[in-house]
1. With Cβ to Cβ distances under 9 Å as the rule, what net charge do the other residues near Arg708 carry (K, R +1; D, E -1)?
2. Take every Cα pair under 8 Å in segment 1-50 that's 6+ residues apart, average their separations, divide by the length, and report that relative contact order as a whole percent.
3. For segment 495-511, just list the computed ³J(HN,Hα) in residue order, Karplus coefficients 6.51, -1.76 and 1.60, θ = phi - 60°, integers in Hz, with x standing in for Gly and Pro.
4. Please give the per residue accessible area of segment 288-338, computed with a probe of 1.4 Å over protein heavy atoms only, in Å².
5. Across segment 312-327, in residue order, what do the Karplus-derived ³J(HN,Hα) couplings come to in whole Hz, using 6.51 cos²θ - 1.76 cosθ + 1.60 with θ = phi - 60° and x for Gly and Pro?
6. With a probe of 1.4 Å, find how much accessible area segment 61-103 has per residue, and write the answer as a whole number in Å².
7. Grab the other residues whose beta carbon is less than 11 angstrom from that of Ser376, score K and R as +1, D and E as -1, and report the net.
8. What whole-number volume per residue, in cubic angstrom, does the convex hull of the C-alpha atoms of segment 534-577 give?
Amino acid sequence: MATGIVGEFLDLKAETDADVLAMQCGDFYEFFADDAELVADELDLTVSQKSSHGSSYPMAGVPLSELTPYVSALVERGYRVAVADQYETDDGHAREITRVVTPGTMIETTGDDARYLAAVVRDESGGGDNASGRGGADPASGPYGLALADVTTGRFLVTELADASDLRAELYRFDPAEVLPGPALRNDDDLLAAVREELSGSVSLFDAEAFAPGRATHAVREQFGRETADSVGIDAESALRAAGAVLGYVEETGAGVLASMTRLTAYGDDDHVELDATTQRNLEITETMRGDDEGTLFETVDQTVTAAGGRLLREWLTRPRRDRETLERRLDAVGSLAAAALARDRLRETLGDAADLERLAARATSGSAGARELLSVRDTLALVPALADAIGESDLADSPVASVLDGIDRDRAAEWRGELDGALADDPPKTKTQGGLIREGYDADLDELIASHEEAKAWLDTLAKREKEQYGLSHVTVDRNKTDGYYIQVGKSVADQVPEHYREIKTLKNSKRFVTDELAEREREVLRVEEARGELEYELFEDLRERLADDSELLQDVGRAIAELDALASLATHAAGNDWTRPDLTDERRLAVDAGRHPVVERTTDFVPNDLTLDADRGFLIVTGPNMSGKSTYMRQAALIQLLAQAGSFVPARAAEVGLVDGIYTRVGALDELAQGRSTFMVEMQELSNILHSATADSLVILDEVGRGTATYDGISIAWAATEYLHNEVRARTLFATHYHELTTLADHLPRVANVHIAVDERDGDVTFLRTVRNGPTNRSYGVHVAALAGVPDPVVERADAVLDRLREEKAIEARGGTGSDAGSGGREETEQVVFDLSSGSFVGDDVESGAPSVDDAENGTAAGGEKTAGDETVADGAVAAAAESGDGPDGTGRLDPETETVIEELSEVDVAATAPVELLSRVQEWQKRLDDSA
Ligand code: ADP
């Protein structure tokens, strides 16, 4: 058992569940034992050995004034750091833990991004199925309560989410630095794994009591006031419990930031466009699929000049809105700013000088703000009139841009600017206790102290000169240091000439130090005045800071207005510079884009614009075209235009009519999931399942290949059925890119399905991608085509075509048309069934009514009935074999040799789109070689 200082350290460490303890020992914070090793490893501190009662312990330390950067660095790496401070007692001193700095409660952050602490609570009242939409029978599903606090700005958000997918979407969006799972969620491995994998933050287990409803309600009322707490309407108990836990945690960690949390916002599902975590990732809004910031939508449109503006713009893009009025107002503002280039430049230049008021307000409230921070507040408040002028003296005067400043109490802002200006010294030190913070003329008592301080300093400053003159001494200086205090230093050569009342205190190599009674007296005077001045200035400063903290809402308002102006001006700047246009928002179920572009790709490519129409008559487009022709780009472009419009931004198009959606859902090839070792097909199906459950007739759905991860007929069947379901039941506006050429025939029979394809120009075997989207399906199946392009010998290509035809002959697929019962779509309730004959590429019996027997297809034995399906693989596989064996090729050549047959089989199994070109090439070479050999 360690005793002494190390023992004390270990005792304190045992009291806390923090990962690391920093304990004050005089002028240092020390880490001992394992903590010393950890800190040394992480932060490159030197470890020494501390002997304590016969044992030796690793020890590392940092000076008092340098603790913050070390703690921040540890916390940024995910550690929770406890800080124990030393305080005086009657018999010496004692130490206790004063705070625990954690990723979610650290106010001293270096980055500009918001820093959220989140608590998540699952509603255990068993209300699982009422809110979780279609298919929500899972007992482990929500609803969930979520509270998010950004301690650096005092923002506090509370909401309830219907299910786990919504919860994950929300967590992904805010990417909290720290997550507190409620008691029921601590064993939810799926959720915890998702948090660990998808988010950069850490998970902390906090006292289950703090999540209890009674205590949580009390905490929320205590913090925000009973009326606010009741009036913002946190109806859901789970949300309230999450909010209570966050408040409890912030209080317990003792970072002093509780007071800064003043702005409680409760929001519901209906306010924002649903964007699940997968979609946020697929659309590369703030992070590319590879995890970079560069090449994202945010990075592309971000022209903000302030940190707060950047945060707000990011939020607009990640949380697009559904409320038309807000969006129109934003668009009006962006429009006026886009048109008024000069005024916009002037505005942005002024904004560029603004400090981060939202954060400064939080620092003022938490007590961590020093004089320099308050000077930044002063200078930023001083910008308000300049901003008002930049707007008022231009064409922006009558636009909604002007009303952004309406929310600010400008008189009070001016008063505070004046007050801070009158109070604060021009160049204050970083520390708050040593004086130099407050300007002369602010306080009469302080002025007196300053006067005597200045006088005493002047006496000291001129002492050397006086002594020289009076005693004829050369080489005299007067100085002060920590051990000797003030002294007169005389060169050795003249040291024996000093007057008698000089008392020698030290001999150095070339000089001697002396004091006199008068100097000692003056020194006491200076120290007394310095101390009194430091104390008084500290008091005055703290009083000023506290009064400002009481008015922190003003700072938040100004900060918010600056952020909003900046974000609006940023959207306008990007729109004006890139020829973007104002979208026409409509409540109709419609997305019509004239000459649209992809907002990110257009920056680096000579982009070919394309049109798009999705509406009540044509709500489902099947997009075909060869690999790399531009299918994904076209579809993402549609989703991004929709998203930008609902962020209140202009869009990259000549014109766009955008019907507001309640959600955007996407599924695209999941490279990253593959890297994480999860089965791609399983992930693909989970994503599809989520879309089919969640999307509505007001949603936009983007499917970039469905069913690729499984055998061909399996895949077609799923894609086919998903198309029918989306078309008939969900009725979402949908873009579906597929390499299953078979699906294109659905357009003939499902009324709102239409085909488009991306045109390519082929001449002499060369393919030119035209990037132009045209109506109608592609005229071919590209797998065999690519094989031909790759130089596979003609007989093989011809044979492959024949095999394909034969396969089709063997198969028939039913298309199930019809309408959902909830869609209000003209009352056709019955299911329409048709049989698609793959051999002729056409439907038979497409006039067949539900329940009536369809044309009995004698050849393949398929009758149209509810339970009859096609696409079972045994038939498919059998067909390959049959076709291969029969040998009735188009040219009538008999049987092929076995090697050629194997090659053909292998060839027909290759998934061209999913195979890397290099691999394709090498396989083609291999086939050629084998064919040559067998010939
Ligand atoms: P696919 O999904 O059909 O495989 P992608 O959408 O990935 O094809 O596009 C392939 C390449 O073509 C990308 O590098 C993209 O930048 C470029 N591209 C796509 N559409 C256009 C366009 N309209 N104009 C110019 N380049 C485009």
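1. Numbers: positive: none; negative: Glu684, Glu705, Asp911.
Result for the local shell: -3.
2. On the way: 23 pairs, mean separation 10.0, N = 50.
Relative CO of segment 1-50 lands at 20 percent.
3. Per residue, the Karplus-derived 3J(HN,Hα) values read 4, 7, 9, 6, x, 5, 6, 6, 9, 6, 10, 7, 10, 10, 4, 10, 8 Hz.
4. 40
5. Here the 3J(HN,Hα) series is 5, 4, 4, 5, 4, 6, 8, 10, x, 10, 10, 8, 4, 4, 4, 5 Hz.
6. Result: 48 Å² per residue.
7. Details: positive: Arg359, Arg363, Arg372, Arg378; negative: Asp353, Asp356, Glu373, Asp379.
It works out to a net charge of 0.
8. Normalising the Cα hull of segment 534-577 by residue number yields 60 Å³.
The values are calculated or read from the model by the stated rules, or taken from the named source; none is laboratory data. Please read all numbers here as calculations on a predicted model, not as lab measurements. Don't worry about glycine lacking a Cβ; one is built from the backbone with ideal geometry, like all the others, and counts go over all protein chains shown. The protein model used for the area step is the full one, side chains on, heavy atoms only, and it has no ligands, DNA or RNA in it. Shrake-Rupley method; radii C 1.70, N 1.55, O 1.52, S 1.80 Å.
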